[in-house]
Amino acid sequence: MSPIAFDNALLRIYFFYASLLGVKMLAMSVLTALQRFKTKTFANPEDCHMHKVKVSHNESVERVRRAHLNDLENIPIFLLISLGYLSTGPSYDLALYLFRAFALGRFLHTFVYAIVVIPQPARVLSWSVGYVVTIYMAVSTLITLL
Amino acid sequence: MSPIAFDNALLRIYFFYASLLGVKMLAMSVLTALQRFKTKTFANPEDCHMHKVKVSHNESVERVRRAHLNDLENIPIFLLISLGYLSTGPSYDLALYLFRAFALGRFLHTFVYAIVVIPQPARVLSWSVGYVVTIYMAVSTLITLL
Amino acid sequence: MSPIAFDNALLRIYFFYASLLGVKMLAMSVLTALQRFKTKTFANPEDCHMHKVKVSHNESVERVRRAHLNDLENIPIFLLISLGYLSTGPSYDLALYLFRAFALGRFLHTFVYAIVVIPQPARVLSWSVGYVVTIYMAVSTLITLL
């Protein structure tokens, strides 16, 4: 068993993309809020009060919320899996390209899902980039650790 | 490039708040269950069976679930971003105050959202404390790593 | 204060289960997609187009989504709490059994919830295994760090 050691250069990639993807994910809350105000659609009576509307449901709001939920399903687990992957000692270039691909896929996914709706397979393709990167990292890690 | 090194004192803050916020988040599951039993509102036929009710929907249950979802949107990503922030070598006191502010904001958010409903802007203010702390940490990390 | 040091053998357990549980969680997206195609139930107009159906709602799809949401509520926070727990220096055997129990509980939970629906208390029991392990780790960490 070789010791688990984190290379500084790899950790820099990791923390850079953790912050970048984190901010991207947090931006979804603001995007949801903007849609709520624009369409006067609120989920709580106390939010409706000042706008003199009732609790309602709006497809533009739900679309942003589904994009946000998709981030929740994919980004935190990527960050947890990829930390293990980096401990297996991949090459710097490969690691960097994988993180870039994941981030690009997630930004594109949100764009085609919730900013400018683009017909399928735009969403499934952009989603699958991040999915495949994460599965690849997980399987690499499992094989190394077995 | 200075080496990435985690200070033991900073890691102690991190793991302390990871556990505290983790337990807070897990408590939301119990709070949801309590509301479900109190209002006899269940999401699955197999849960309804023993109470002789049908699958239904209740605003008190949904309110706790929305507070829980808000935790899911904010707490794991804070813990992933803040680990990177700690690697940039902030002062112990600043780091401690930021973690305290984040935790306080999240506890208050749940309190005014799902325990005792307090009119806006109570919820948006308590939510924004954690949000601003997380964005600050992410931006600090990105600037340091660029 | 003893220094925080991660034992290599413990980190190997951690990264192994982070990858395993990550893949398990990501598999829920595919399971949801399979149910959507099987029942022709889609959440977006652009997904409905090629199947000539309208946006609809289906209980089999929702069941898988609820199991997925339960993973989101429990797995990432376990991975964040358990990292702190490992830093407190537990015995290798205890740590291994706790990770195994958590993983087994989560796999069983999904099985009885979304694969073959088994009456309660199957779901609540399998869920509680992971819940109790996570709370135990969090409380252990908090006591050690206080």
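The values are calculated or read from the model by the stated rules, or taken from the named source; none is laboratory data. This structure is a prediction, so every number in the text was calculated from the model and none was measured. Positions of Cβ are backbone-derived with ideal geometry, glycine not excepted, and every protein chain shown enters the neighbour counts. Side chains included, ligands, DNA and RNA excluded: accessible areas come from the protein's heavy atoms. Shrake-Rupley method; radii C 1.70, N 1.55, O 1.52, S 1.80 Å.
The table for this structure:
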read-out: Accessible area of A:Asp7 in the full protein assembly, 1.4 Å probe (Å², nearest 10); value: 80 Å²
read-out: Other protein chain Cβ atoms within 10 Å, averaged over every residue that makes up B:29-37; value: 1
read-out: Expected 222 nm ellipticity per residue - DSSP helices of 4 or more, -39500 (n - 2.57), all of the protein assembly as shown, to 500; value: -25500 deg cm²/dmol
read-out: Value in Å of the Kirkwood radius, where the range B:8-145 supplies the Cα pairs that are averaged; value: 16.4 Å
read-out: 7 Å along Cα→Cβ, label-point gaps from A:Asp93 to other copies, nm, shortest first; value: 4.8, 4.8
read-out: Helix runs (DSSP H) in chain B reaching 18 Å along axis by Cα, Kyte-Doolittle at least 1.0; value: B:122-145
read-out: Cβ-based charge dipole, the range C:1-128, positive-most Cα from C:Leu98, C:Ser87, C:Ala67; value: C:Ala67
read-out: Ranked packing of A:51-61, C:28-38, most packed first, by mean Cβ within 10 Å; value: C:28-38, A:51-61
read-out: 14 Å cut-off, amide nitrogen to a point 7 angstrom out along B:Ala33 Cα→Cβ, residues in the range C:122-141; value: C:122-136
read-out: Count of lysine pairs in chain A with Cα separation under 16 Å (8 or more residues apart, or interchain); value: 4
read-out: Shielding by other protein chains, C:84-90, mean Cβ within 10 Å; value: 3
read-out: Area projected by the alpha carbon convex hull of the protein assembly as shown, averaged over all directions, nm²; value: 21.1 nm²
read-out: Inter-chain Cβ neighbour average for residues A:9-17, partner chain, 10 Å; value: 5
read-out: With every protein chain in place, the protein assembly as shown: carbon and sulfur % of accessible area (1.4 Å); value: 68 percent
